Each structure stands twice: as C-alpha cells, then as structure tokens.
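Inspection log for the structure reproduced underneath, given as structure tokens.
The values are calculated or read from the model by the stated rules, or taken from the named source; none is laboratory data. Because the structure is predicted, anything quoted here is derived from the model rather than measured. Here the Cβ is made from the backbone with ideal geometry for all residues, glycine too, and neighbour counts use every protein chain on show. For the accessible areas, the whole protein counts, side chains as well, though only heavy atoms, and no ligand, DNA or RNA atoms are used. Shrake-Rupley method; radii C 1.70, N 1.55, O 1.52, S 1.80 Å.
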Amino acid sequence: MARFVKVAAAQMGPVARDEDRTCVVARLLKMMREAKDWGCDIVVYPELALTTFFPRWLIEDEAELDSYYETEMPSPDVQPLFDEARKLGIGFQLGYCEIVNEGGRKRRFNTSVLVDKNGEIIGKYRKIHMPGNSELWDKPAQHLEKRYFEIGDLGFPVFEGFGGRIGMAICNDRRWPETYRCMGIQSVEMIMIGYNTPVGIDYNFDHDVLASFHNHLVLQAGAHQNATWVVAVAKCGIEESSKMIGQSCIVAPSGEIVAMTSTLGDEVIVHKCDLDAGLPYKEDLFNFGLHRRPEHYGLIVETAGPITPQK
Ligand code: CDT
C-alpha cells in the first residue's frame, strides 16, 4: 500500500539585514498556514531562514555577529512557529544559525531541525560542506561561511518520522554525491535541503548562467541514484544587492521534478509524495546489497589536487 507524505516547500524571498525575527517568523507562519490549507503533513523552509545571509559580509564586531545566531531552539522569537505547528498538526524543517557554549568556547554551526506534528524536535543536522573562505578574497563579493561556521559534527543521520525515513542536508552539501549516498545507504526516503545560492560572487559568468541548471542537476541525480525524494528550498531574489537563485523544487525518486516554484519571492509549492515510489529502484536498479561494490573501488588514500597544465 502507498505511504503518502504531503510536503510543502516554502521558498523565501529576500530577508533584509534589518528585518527582525518577528517579521521573518510572521512570513514563515503565513506559509505554514497555507501549507496546512493544502493539507500538508510537513513544510520545509530554507537554509538560514531566520536572517539575511550574513556570510556575504566581514563582520568583526562579535556582538553583531552573535545576533545572527540562536542560542536555543526554539528561541523565544521562534517559539510561535513551534506553537502553531502543534496547533495545526503540521511538521516542519527549519534552517538556522546555531551557537553553543562548550568547554568555555563558542561553537557556531549552520544547522537544521526536523520538527514533528506535536512541535517536538525529532532530528538535527549540522552542515558539513562549508563553501567559501575564512578570510576575504579577491573577488567581487564575499562568501565567508568557513569563517563563521564549524564543520558539522553529527554526520548525515536519518530519522524515523512522518511514516518514513527522513534526512537533511544544507545548501552546498547538495553538490556532493557523498551527502546523498551516506543517507542512501541508510535507506532514506526523503531528503530536505535548504539553500542560499548567490550568483556573481566570482568572475565566472559561465558558472553564473549555469547556476540553476547545476542546482537541478545535482538534486535530480542525488534523488535518483539513491531512490529518494528530495525537497529543495531556496531563499532567493535580490537580498541586500546579492542575487540568489530560486527554482525550489520537489524531486521524485525517478529523478523527475514534480513541482517547482515560479517566482523569486515567498512561495509555497506542494506535492503528495508516495514514500514507496523509491522501492522499485531500491529493490532493483539501485539495490545496493546486490549491485554496489565498494570493496572493488580501490582505497582512496588522498584527494587528488587540480591538474597542473603542461607548459
Ligand atoms: N550557502 C551555500 O552553501 N551556498 C553555496 C554557494 C557557494 S559560492 C562560494 C552553494 O553551493 O550554493
């Protein structure tokens, strides 16, 4: 029998630097209610959904930097989202910046949580693939995630929830096949991914025009090769002069995009996902037990560097 999860991808338009949490949470609540009106079981929000994408700036004032992070989840500002989820009986996945005090030092992570229909956190993930730099670079714009976040230390766990096996990844993670495969070998059935993907930050116009294509390329390949649904949700539009791609989408285990946004603003798209749709692939084409042969791939002892052109 089919196992359905009706999922909403709640894409966000830009969040201004001076937009406070109350205002952002009001936008998230509006989309949560819309998702509930569509009969959804869960709504998926973007990476770093509560604030502007601050890694585009060098922020040297520690108090200012700290203001972008949550010290607890739910924080008082975000509590209304948890309360409304419980009231409506809808789950959600939320990306945010996390700060924890451990061993007398501040640890900063780019994090997402999975919340069930009772408003309880049932899963947490911390972003592993951190793009950009820790210092300023000689490019038209900055991307300082390596400065502001540690590499996640929770692996790629898969959680039981919503009648299936749910995983999470965050933005740049989606470009790495290992992300999907780590969850694929745990028989994941739906992966939720938020992203903030700017264009125009280096000098490579070729890459910019391909940004949306590459977004879908990796999401569709990751979904199909691991026989899982992928729900990918952008924060997009022109945020503080930075252009960010949209085209949030829901991808079936076949690799087909079954729903996609058509704006660069707050927009909800919905699909009724059959979690069993991955089974024919898991049992046959991508039956890892029968066909995958990691013991024959050769031991990779170090990552190869870029190829140096011959003079
Ligand atoms: N947020 C995030 O991970 N964005 C990256 C862009 C990096 S450009 C240096 C992405 O892969 O979309």
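Observations, loosely collected:
- Reach of LYS6 by Cα under 16 Å, taken over lysines that are not fewer than 8 positions away in the same chain: LYS36, LYS117, LYS272
- Using a simple spin-label model with pseudo-atoms 7 Å out from Cα toward Cβ, THR263 and SER212 lie 1.6 nm apart.
- Per-peptide average of other Cβ atoms within 10 Å, ordering 123-136, 5-18 highest first: 5-18, 123-136
- Dipole of segment 66-189, positive end: most advanced residue of LEU81, ILE121, TRP176 [Cβ charges, Cα centre]: TRP176
- Three-way shape call for segment 121-233 based on the alpha-carbon gyration tensor, with the a/c threshold at 1.5: oblate
- Given +1 at the Cβ of Lys and Arg, -1 at the Cβ of Asp and Glu and no other charges, the dipole of the chain around its Cα centre is 620 debye to the nearest 20.
- Here's the picture: charge each Lys and Arg Cβ at +1 and each Asp and Glu Cβ at -1 in segment 1-73, and of THR52, TYR69, TRP38 the one pushed furthest to the positive end of that dipole is TRP38.
- Dividing the alpha-carbon radius of gyration of segment 1-59 by the rule-of-thumb value 2.2 N^0.38 Å gives 1.39.
- Separation of alpha-carbon centers, segment 48-73 and segment 22-36, rounded to whole Å: 21 Å
- For segment 4-296, the solvent-accessible area of protein heavy atoms averages 42 Å² per residue (probe radius 1.4 Å; ligands and nucleic acids excluded).
- Per residue, the convex hull spanned by the Cα atoms of the chain measures out at 161 cubic angstrom.
- Centre-to-centre, using Cα atoms only, segment 196-216 and segment 235-303 are separated by 18 Å.
- Working ranking of peptides 170-182, 280-292 by packing, defined as the average number of other Cβ atoms within 10 Å per residue, highest first, is 170-182, 280-292.
- Extension gain for ASP202 to ARG107 (0.36 nm times residue separation, less C-alpha to C-alpha distance): 31.3 nm.
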